[in-house]
Amino acid sequence: MFSHGVRLRANIGRHARFLSAAKPALLLRDRSESGVVTLTMNNEKRLNAWTAPMVHSLKAALDEAAADDASKVVILTGAGKFYCAGADLSALIRPMAPGAMHELIRRENEALFELFLGFPKPLIAAVQGPAIGASVTSSVLCDATLASAEGATFSTPFAKLGIVPEGCSSVLFERLMGAGNAERMLGAEGWAPTAAEAEAAGMITRAVAHGELLAEATALAERWAAEGKVRDLVANPAALAELRAVNAQESVALATAFLGEDFLRGQRDFLLSRKKDGPARVFSVLLATRPLWIRMV
């Protein structure tokens, strides 16, 4: 009897260790009785970057909320210090035919922003920390963006990376902030405004105290749910069609830029600085042989 108890406790202990070692979900989902769905990006080690698994989780959650009549409004936020470090499209670059690589990058980028353009219910971005790249441009596609006055910044370092604007930012940034501020963010300066600066420029809805961010976003979402708010892009099909066309055009330009010398060299140097010699060799080979294969794109 005693030995059986020892074995039982040992088995329970092994099971507990297995559970504690299990990977946490990349995306946490919660739905309130009022119909507010909160999606929390939960990969702090990768700064909540939009890796392929994260994008897959986000798509599944948005598809589920779109099909669920009880889900009225969706809030997207992040766990930890970072909201999101942006999309990891460079991971798509691997040995394959140049034309196929160009098409893969184009298709994946267009599909990423279609998640936001095509979502049929109101979306709120609750940006609690730094946002970079695609997580910035996608927030502009939401119906409202609330941001932490203490922690949030908005960075779109496209020029520095040798790539072009995406997520409809080539059109929407100027409309929201004026040509000067749009150029500051998208161009060589690489201006990364704080939440207060982004609000003053007209890029976000409101900067709020860090500790009140989720409560403020939830209150807005609950009000919209009670009012039966229709998503802005659903109410304006012409605007949606225009932005889808812009997304398609930007995705082609981005795929072309990803195969350009500036981007390939920048990625190689970055990977070498992180001592990732294997991945860096892929970019070195692409860069050295580019005069030959670029004709096939």
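Please enumerate the residues belonging to the range 138-151 that are more than 11 Å from ILE204 (Cα to Cα) and in a helix (DSSP H, G or I).
SER138
Do you know which residues across the range 216-232 are in contact with a strand residue (DSSP E or B) (Cβ under 8 Å, 6 or more places away or on another chain) and assigned to a loop (DSSP other than H, G, I, E, B)?
LYS229, ARG231
From the list ALA10, ALA97, pick out the single residue that is modelled with pLDDT under 95, out of contact with any helix residue (DSSP H, G or I) (no Cβ under 6 Å at 6 or more places or on another chain) and under 30 Å from PHE263 (Cα atoms).
Values: ALA10 fails: under 30 Å from PHE263 (Cα atoms).
Answer to the check: ALA97.
So is LYS121 among the basic types (Lys, Arg), under 20 Å from the mean Cα position of the chain (by Cα) and crowded, with 20+ Cβ neighbours inside 10 Å or not?
Yes: the conditions hold for LYS121.
Within the range 135-157, is there a residue that is surrounded by fewer than 22 Cβ atoms within 10 Å (Cβ to Cβ) and farther than 25 Å from LEU220 by Cβ?
Yes, the range 135-157 contains at least one residue that is surrounded by fewer than 22 Cβ atoms within 10 Å (Cβ to Cβ) and farther than 25 Å from LEU220 by Cβ.
Would you check if THR289 is within 22 Å of GLY167 (Cβ to Cβ), at pLDDT 90 or above, of a type outside the set (Asp, Glu) and in a helix (DSSP H, G or I)? If you could, list the steps in order and put the result at the bottom.
Details: within 22 Å of GLY167 (Cβ to Cβ): no; at pLDDT 90 or above: yes; of a type outside the set (Asp, Glu): yes; in a helix (DSSP H, G or I): yes.
No.
Can you confirm whether ALA25 is in contact with a helix residue (DSSP H, G or I) (Cβ under 9 Å, 6 or more places away or on another chain) and over 21 Å from PHE113 (Cα atoms)? Even if it seems obvious, please write down each step before you answer.
Numbers: in contact with a helix residue (DSSP H, G or I) (Cβ under 9 Å, 6 or more places away or on another chain): yes; over 21 Å from PHE113 (Cα atoms): yes.
The answer is yes for ALA25.
In the range 267-297, which residues are aliphatic (A, V, I, L, M) and in contact with a helix residue (DSSP H, G or I) (Cβ under 6 Å, 6 or more places away or on another chain)?
LEU271, LEU272, ALA280, LEU286, LEU287, MET296, VAL297
Test LEU264 against the stated conditions and say whether it is in contact with a helix residue (DSSP H, G or I) (Cβ under 7 Å, 6 or more places away or on another chain), more than 30 Å from ALA144 (Cβ to Cβ), without any contact (Cβ under 8 Å) to a residue 12 or more places away in the chain and hydrophobic (A, V, I, L, M, F, W, C).
No; evaluated as a whole, the condition is false for this residue.
Residues being over 21 Å from the mean Cα position of the chain (by Cα) and either at pLDDT below 95 or in a helix (DSSP H, G or I) (or both): count how many of those fall in the range 198-215.
Counting residues in the range 198-215 that are over 21 Å from the mean Cα position of the chain (by Cα) and either at pLDDT below 95 or in a helix (DSSP H, G or I) (or both) gives 5.
In the range 118-137, how many residues are assigned to a strand (DSSP E or B) and closer than 15 Å to GLU166 by Cα? So that I can check it myself, show each step before the final result.
Keep residues of the range 118-137 that are assigned to a strand (DSSP E or B), which gives 123-127, 131-132.
Checking which are closer than 15 Å to GLU166 by Cα leaves us with 131-132.
Adding up the residues that qualify gives 2.
Which residue out of LEU62, LEU47 is in contact with a Pro (Cβ under 9 Å, 6 or more places away or on another chain) and of a type in the set (A, V, I, L, M, F, W, C)?
None of the other options fit; the residue is LEU47.
The values are calculated or read from the model by the stated rules, or taken from the named source; none is laboratory data. None of these values were measured; they are calculated from a predicted model. Note that we place each Cβ from the backbone using ideal geometry, even for glycine, and neighbour counts take in every protein chain shown.
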